[in-house]
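Structure record follows, encoded as structure tokens.
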Ligand SMILES: [Zn+2]
């Protein structure tokens, strides 16, 4: 069964539960949520998956350090991630945990199918292993003998493991990359991965001896080994939609339209995962969407610097919508970005409170003053170009540019007020001019409310309510038409969208 045309499947990575959720996780999940909501506006049925990655050495050790069993440990941290998604107003339709039976069953089936393809073999291995990365390193990838990410010397480990014939997929992957130049977003990440393929891929170890690590999914047919955490984790994208447990559902949703993640795990998603899928005779996801790292006030976020930004703090001060807006208005999605409270504060006041909030407030107040609080006579408007530009950027993950298009519109409407001066026109008795200006403003604001819906769902709804527009199932096909505000409809009293923050 081919995937259904009207289905859109987007994922975040499953978050590794060795530590609590931070702003980086929030950034990834909001990006996926924006796309999920945009696709719903396009009329698609959306499956939006997030979840937690719960196996592996680091977790076993973190649980031990805390003096609790691994399951107890992951239960608690996974709950924290579930909670974060509620606070972020993420519209995820599923939340998978790799310790769930549906995942374990699917991951084991995946292993069996890859094994049947002749891609899994056993060999004894000795190598330099970084516990932080949960991966073996070859000498040339170390910097001064240290893991380039953790700056720690890897341990020499020796064990008999199962290996995946990743090398076999170097050529098929090259071909796939060349035939799909948009496979990895943004372009520089596609090029980076294509370059790695030029060097050729090595087979990788995909299991661990239970003597070293028992916290993992048992390898089918061999109780002495558990799956390597990446081999286990990547399969969540298929196990969550029924691979190995509900083939009909799986057929409706696979392949994924987009896997969203930060750049340090791009390689696993762009190279290893497609190779695993080819081995399992499954389709490759349509797009790998990679974003950069966040710094704080120009510095790398770290516990030792004490500059780790907690998303809960931002949300409690500025509200969830301002946070969601800021992260994608200020930073260019795909590149590295810098978070600062100063810039957030500026955007809050200038873009949200002033440009958008005041526009709505002024427009509704004038409608009450000059038109008895009722939508005036309908006037024609030109908005097709706005939607074309906005949608093109949204489809291309260019969220910053999409918001620029929306704010151009917002500024244009503010200028219209300054130019038309409805209060003067009213004084001079030019009632038709007043009505035309106000209708253009009100209907323009309705269009804006829909365009910002993926970014700021609560604000969108508040705006539509104040405009007297009954909010129904958000869908472009029945919302972007000009003139849906009916003349004579009564408006509510204006309320500040983004009140002043001390
Ligand atoms: Zn490392």
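Here is the figure for the range 48-100: residues that are part of a loop (DSSP other than H, G, I, E, B), surrounded by fewer than 17 Cβ atoms within 10 Å (Cβ to Cβ) and touching a residue at least 12 places away in the same chain (Cβ under 8 Å) total 2.
For (1) in a loop (DSSP other than H, G, I, E, B); (2) without any contact (Cβ under 8 Å) to a residue 60 or more places away in the chain; (3) not assigned by TED's automatic domain parsing to the domain that holds residue 441, each residue gets a yes or a no:
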residue: 460; (1), (2), (3): no, yes, no
residue: 468; (1), (2), (3): yes, no, no
residue: 484; (1), (2), (3): yes, yes, yes
residue: 501; (1), (2), (3): yes, no, yes
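Looking at the structure I just gave you, is residue 367 over 22 Å from the mean Cα position of the chain (by Cα), closer than 22 Å to residue 424 by Cα and assigned to a helix (DSSP H, G or I)? Judged against the criteria, residue 367 is a match. For the range 16-47, filtering for residues that are buried (at least 24 other Cβ atoms within 10 Å of the Cβ) and at pLDDT below 95 leaves 1. For residue 92, indicate whether it is assigned by TED's automatic domain parsing to the domain that holds residue 201, away from the ligand (no atom under 16 Å from the Cβ) and in contact with a strand residue (DSSP E or B) (Cβ under 6 Å, 6 or more places away or on another chain). Against the criterion (assigned by TED's automatic domain parsing to the domain that holds residue 201, away from the ligand (no atom under 16 Å from the Cβ) and in contact with a strand residue (DSSP E or B) (Cβ under 6 Å, 6 or more places away or on another chain)), residue 92 qualifies.
This table checks each residue for (1) out of contact with any helix residue (DSSP H, G or I) (no Cβ under 9 Å at 6 or more places or on another chain); (2) surrounded by 15 or more Cβ atoms within 10 Å (Cβ to Cβ); (3) closer than 27 Å to residue 85 by Cβ; (4) assigned by TED's automatic domain parsing to the domain that holds residue 22.
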position: 309; (1), (2), (3), (4): no, yes, yes, no
position: 318; (1), (2), (3), (4): no, yes, yes, no
position: 325; (1), (2), (3), (4): no, yes, yes, no
position: 328; (1), (2), (3), (4): no, yes, yes, no
position: 336; (1), (2), (3), (4): no, no, yes, no
position: 346; (1), (2), (3), (4): yes, no, no, no
position: 352; (1), (2), (3), (4): no, yes, yes, no
position: 355; (1), (2), (3), (4): no, yes, no, no
position: 373; (1), (2), (3), (4): no, yes, no, no
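On the basis of being under 28 Å from the mean Cα position of the chain (by Cα), assigned by TED's automatic domain parsing to the domain that holds residue 270 and modelled with pLDDT of 95 or more, does residue 116 make the cut? No; evaluated as a whole, the condition is false for this residue.
Scoring residue 300 on the criteria (1) surrounded by fewer than 20 Cβ atoms within 10 Å (Cβ to Cβ); (2) closer than 25 Å to residue 24 by Cα; (3) in the same structural domain as residue 115 (by TED's automatic domain parsing) leaves a single failure, condition (3).
Yes or no: residue 164 under 31 Å from the mean Cα position of the chain (by Cα), in contact (Cβ under 8 Å) with a residue 12 or more places away in the chain, surrounded by 13 or more Cβ atoms within 10 Å (Cβ to Cβ) and within 16 Å of the ligand (Cβ to nearest atom)? No; evaluated as a whole, the condition is false for this residue. The set of residues in the range 116-137 being under 21 Å from residue 275 (Cα atoms) and either more than 10 Å from the ligand (Cβ to nearest atom) or in contact with a helix residue (DSSP H, G or I) (Cβ under 6 Å, 6 or more places away or on another chain) (or both) consists of 116, 117, 118, 119, 120, 121, 122, 123, 134, 136.
The values are calculated or read from the model by the stated rules, or taken from the named source; none is laboratory data. As the structure is a prediction and not an experimental result, all values here were calculated from the model. Every residue, glycine among them, receives a Cβ derived from its backbone with ideal geometry; neighbour counts consider all protein chains shown.
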